[in-house]
Amino acid sequence: MLIVEDDPMVAEINRRYLTSVPGFGCSGIASNVTEALEFLRNNSVDLVMLDIFMPGKNGLQLLTEIRKEGKSVDVIVISAANDIQNIKQALRLGAVDYLIKPFTFERLKTALQTYQKEQEMIQEQNEWNQEELDKLLLHPDQTRSTSAKLPKGLTRETLQRVVKSIDTLKSGFTTEELARDIGISRVSARKYLKFLTEIGCLSVEPVYGTGGRPVYRYDVKQGHTVRIAPYLET
């Protein structure tokens with residue numbers, strides 16, 4: 001897979017997501033359309049994970065170029081663009097799936113596994129009857145999960161307390177302040193803060209004092225409640 005995403009942190013999170021699904025690997029990351037086209041012209045890629053909003057040309061323009069050049073590559077769009085015009089254009093250009101940010105890992109996993117099953121079916125035979133084709137096109141047994149699984153070692157109950165605390169602390173808080181506020185160890189607090197940073201709920205910045213060792217201060221990012229919501233659902 002090739003990841004096309006201009007935000008390095010988001011690209012790295014997506015890379016970790018997809019490489020955790022058996023059978024998938026990341027062959028490259030491109031931050032703009034020019035880099036992506038150059039990579040596709042010089043490397044063999046089966047699937048592109050494509051954002052729409054990027055500096056310069058957008059992801060739909062890349063998808064248009066891919067189709068013009070007749071490249072045998074599939075595309076899953078992962079974008080904050082949730083308007084019907086962008087969605088319809090992406091689907092008309094042949095996107096095999098469309099995920100709206102913020103998405104859950106389970107939703108991405110479903111998209112990748114569905115694609116994987118389709119490719120296995122396609123490679124098994126050259127001719128199809130209607131029943132076989134319907135299984136490929138209609139996905140009657142495909143289900144979508146609205147909740148998301150937490151990483152091992154984290155619990156939904158503690159996460160709820162952490163989220164409530166950071167909404168109170170708002171900005172510029174440390175691991176120690178969070179741990180003290182909700183009554184958990186700094187080690188545990190650090191695990192939750194790391195997770196919330198990885199999914200884009202928090203930003204973190206080291207602050208250096210006179211002792212030389214940095215103190216990491218966290219700020220709540222806009223839209224964090226939407227990003228965390230799937231992990232709080234039962």
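The values are calculated or read from the model by the stated rules, or taken from the named source; none is laboratory data. Treat the numbers as computed from the prediction; the structure is a model and nothing was measured. Don't worry about glycine lacking a Cβ; one is built from the backbone with ideal geometry, like all the others, and counts go over all protein chains shown. When the accessible area is computed, the model is the full protein with side chains, heavy atoms only, and any ligands, DNA or RNA have been set aside. Shrake-Rupley method; radii C 1.70, N 1.55, O 1.52, S 1.80 Å.
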Before we move on, is VAL96 over 23 Å from ALA229 (Cα atoms), touching a strand residue (DSSP E or B) at 6+ places or on another chain (Cβ under 6 Å) and of a type in the set (Val, Ile, Thr)? yes
Of the residues ARG15, ARG41, only one is under 13 Å from the mean Cα position of the chain (by Cα) and open to solvent by 60 Å² or more (accessible area, probe 1.4 Å); which? ARG15
Among the numbered conditions (1) open to solvent by 20 Å² or more (accessible area, probe 1.4 Å); (2) farther than 12 Å from GLY94 by Cβ; (3) not β-branched (Val, Ile, Thr), tell me where GLY70 comes up short. (2)
Looking at the structure I just gave you, is PHE195 touching a strand residue (DSSP E or B) at 6+ places or on another chain (Cβ under 6 Å) and either of a type in the set (Asp, Glu) or closer than 26 Å to ARG213 by Cα (or both)? no
Exclusive hit being of a type in the set (A, V, I, L, M) and farther than 28 Å from PRO230 by Cβ, set LEU60, LEU40: LEU40
Meets criteria (within 14 Å of the chain's Cα centre (by Cα), surrounded by 14 or more Cβ atoms within 10 Å (Cβ to Cβ) and closer than 21 Å to GLU120 by Cβ) for LEU50: no
Test ASN32 against the criterion of being of a type in the set (S, T, N, Q) and more than 18 Å from the chain's Cα centre (by Cα), and give yes or no. no
Look at LEU136 and say whether it is over 24 Å from TYR17 (Cβ atoms), part of a helix (DSSP H, G or I) and modelled with pLDDT under 80. yes
Complete set of residues in segment 80-114 that are open to solvent by 30 Å² or more (accessible area, probe 1.4 Å), in contact with a helix residue (DSSP H, G or I) (Cβ under 9 Å, 6 or more places away or on another chain) and hydrophobic (A, V, I, L, M, F, W, C): LEU93, VAL96, ILE100, PHE103, PHE105
Please verify whether segment 83-106 includes one or more residues that are of a type in the set (A, V, I, L, M, F, W, C), modelled with pLDDT under 80 and more than 30 Å from ASP181 (Cβ to Cβ). no
Which numbered condition trips up LEU2, out of (1) surrounded by 15 or more Cβ atoms within 10 Å (Cβ to Cβ); (2) in contact with a Phe, Trp or Tyr (Cβ under 8 Å, 6 or more places away or on another chain); (3) modelled with pLDDT under 95? (3)
